[in-house]
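Heads up: the structure comes next, in C-alpha cells.
Values in this text are rule-based calculations from the coordinates and carry no lab data. Please read all numbers here as calculations on a predicted model, not as lab measurements. With ideal geometry, Cβ positions are generated from the backbone for all residues, glycine too; neighbour counts draw on all protein chains shown.
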Amino acid sequence: MTRVQILTKTTLTILGIYAVLTLCNSYPGGFMYRRERPAIVPEILSLSAFTVLAALAVYLMIFNNTKFSKRIAGPGEILRPGTQRALLVKSLRVGLVVAGLMLLPRSIPTMVKIPKIFFLIRPALNDIIVCKSVPDILRLSHSEWFTNIYGFLRAILALYLIYGAPRFIRWQVKHSVRQESNIEKTIATKCAGTNAERAENE
Amino acid sequence: MNKMHALAKIMLSGIGIFFAIRLIASIVTAISLALMWRGELPIFTALFWTAVFALCLAAVCYIFIYKSEQLAKRIVGTDELGEPDSPVKWLPVAFRLISIAAGLYCLHTVLWQVTNTLIRYAMYKPRSVPGYKTIYTGYAGRFLNVEEVLVWLIMLTIGIYLVCGAPHFVRWHVKKTLEQCKQPPEMNK
C-alpha cells in the first residue's frame, strides 16, 4: 500500500461510519415526532431501502475499501509492510477519534438521560406488576422509540470511537493486509498467465 | 503528481463522497415521505426533488470523484511545488489539532443551543395563537430545566478542556497508539 492509499482508506472508513449515521438520521420514521402510524407496506419498503443502503455503505467503504482506495489514490511508492501497518494504525486512530469527538456534542444529552432511567425503573415496574398497566415512559410512538434507540447507539459509538476503537483498528489492519495480499496474488497470477501466453506465441 | 496533489485529490474525493451520501439519503427520504405520509409531500413534488437531487448527485460525482485529478491540479498549481517535510512526530500535533477543532465545535454547539433557547423564550407568547403551546411543548411553562442546564455545563467543560489542547487526552492517545503500532501483526500468528 502507498501512503496516499492508506490515507484514502482511513477517509473512506470514516465516511462509511458517517454514511450509516446519516442514513439512520434521514429515515422518515426517525425524525417525525408523530403519534399516528403511516401505512405499513411503504414503511417496510422505506426501512428496507435504508437498510440496504447502509449495508452497501458498510460493505464498500469499511469492509471492502481496498480497491476503491487504490482507484482514488493512484500509483505511488509502496511502503514497507512495517511502515504500512504503523501508518494505517496511526491514521485510523486519528480519524476515528475525530469522528468520535464530532459525535460527542449530540450524544451528551443522551448520556445525561441514561442515569435518569435508573430512577424511573422502579415506578415503571410497579405500574406493570401491581397496576397491570403500561407505564408512561414506555408509551412512545414508533418514531420516538426509533429516535431513542438511535440516540443510545450513537452515544455508545461516540464513546467507543473516542476511546480509540482498538479492536476495530486491529481488525481493519488485519483485513487490509489480507485484502492487499489477495490482490497482489491475483495480479501475480494474471501476469504469470500473460507471460506464459506470450512465451507460447513466441 | 506530488504529495500535495495526492492529498488534494483525496480531500476532493472525500468531499464528493460526503455530499453524495447526503444527496442519496435526501433522495430516499423524499421518496419515502411521499409514500409514507400521503398529503404531507405530494408525489409530483417528491419526483421533482428526486430529479433535482439526482442531478446534483451526478454533478458532484462528476466534478469531485471523476474529475478530481484535474481539479486538484487546478487548486494546488504547478507540479514543481516542493514536497512538504514529513514530520517525524506528527501524531501529538495531529491529536492536539483535533482536540482544538472538536473543542471549538463543542463550544459552537453550546452557544447555538443557548441562543436558540433564549430566542424561543423571547418569542414565546402563551395566549397569542391557539395551539402555540403544542408547538413549543418543551418550552411552554418551563424555561429552563435542570437536565438542559446540566447538558450545557458538561458540553462547556468538555469544550474548554479540548480547546486548551486536552494534554492528558492527547498524551494517553499517543501512548496507546504507539503501543498498538508496536504490537506484532496478528497475521503472523
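Just how large is the dipole of the range A:56-178 about the Cα centre, in debye to the nearest 20, putting +1 at every Lys and Arg Cβ and -1 at every Asp and Glu Cβ?
In total the dipole reaches around 600 debye.
Based on the alpha carbons, how large is the Rg to Rh ratio for the range B:3-76 when Rh follows Kirkwood? Before the final figure, lay out the partial values.
On the way: Rg = 16.0 Å, Rh = 13.4 Å.
For the range B:3-76, the value is 1.19.
Using the count of nearby Cβ atoms within 10 Å as a rough guide to exposure, how do B:Thr50, B:Thr177 rank from fewest to most? Don't jump to the answer; show the numbers that get you there.
Working: B:Thr50 17, B:Thr177 24.
Fewest-to-most Cβ neighbours within 10 Å comes out as B:Thr50, B:Thr177.
Give the average, rounded to an integer, of partner chain Cβ atoms located within 10 angstrom of each Cβ in A:21-27. Intermediate results must be reported in sequence, preceding the final value.
Working: counts 1, 6, 5, 1, 2, 10, 4.
Mean shielding count: 4.
Each residue of the range A:55-63 in order: what ³J(HN,Hα) in whole Hz does its phi give by Karplus 6.51 cos²θ - 1.76 cosθ + 1.60, θ = phi - 60°, with x for Gly and Pro?
So the Karplus estimates, Gly and Pro as x, are 5, 5, 4, 5, 5, 7, 9, 10, 7 Hz.
Which entries in A:Lys67/B:Lys73; A:Lys113/A:Lys174; A:Lys67/A:Lys90; A:Lys116/B:Lys182 show an alpha-carbon gap greater than 30 Å? Show your work: numbers first, answer last.
On the way: A:Lys67/B:Lys73 23 Å; A:Lys113/A:Lys174 37 Å; A:Lys67/A:Lys90 21 Å; A:Lys116/B:Lys182 42 Å.
From A:Lys67/B:Lys73; A:Lys113/A:Lys174; A:Lys67/A:Lys90; A:Lys116/B:Lys182, over 30 Å: A:Lys113/A:Lys174; A:Lys116/B:Lys182.
Per 5 Å bin from zero, what fraction in whole % of the C-alpha pairs of the range A:3-191 is there, up to the bin with the longest pair?
Each 5 Å bin holds this share of Cα pairs: 1, 7, 12, 15, 14, 12, 11, 9, 7, 5, 3, 2, 1, 0, 0, 0.
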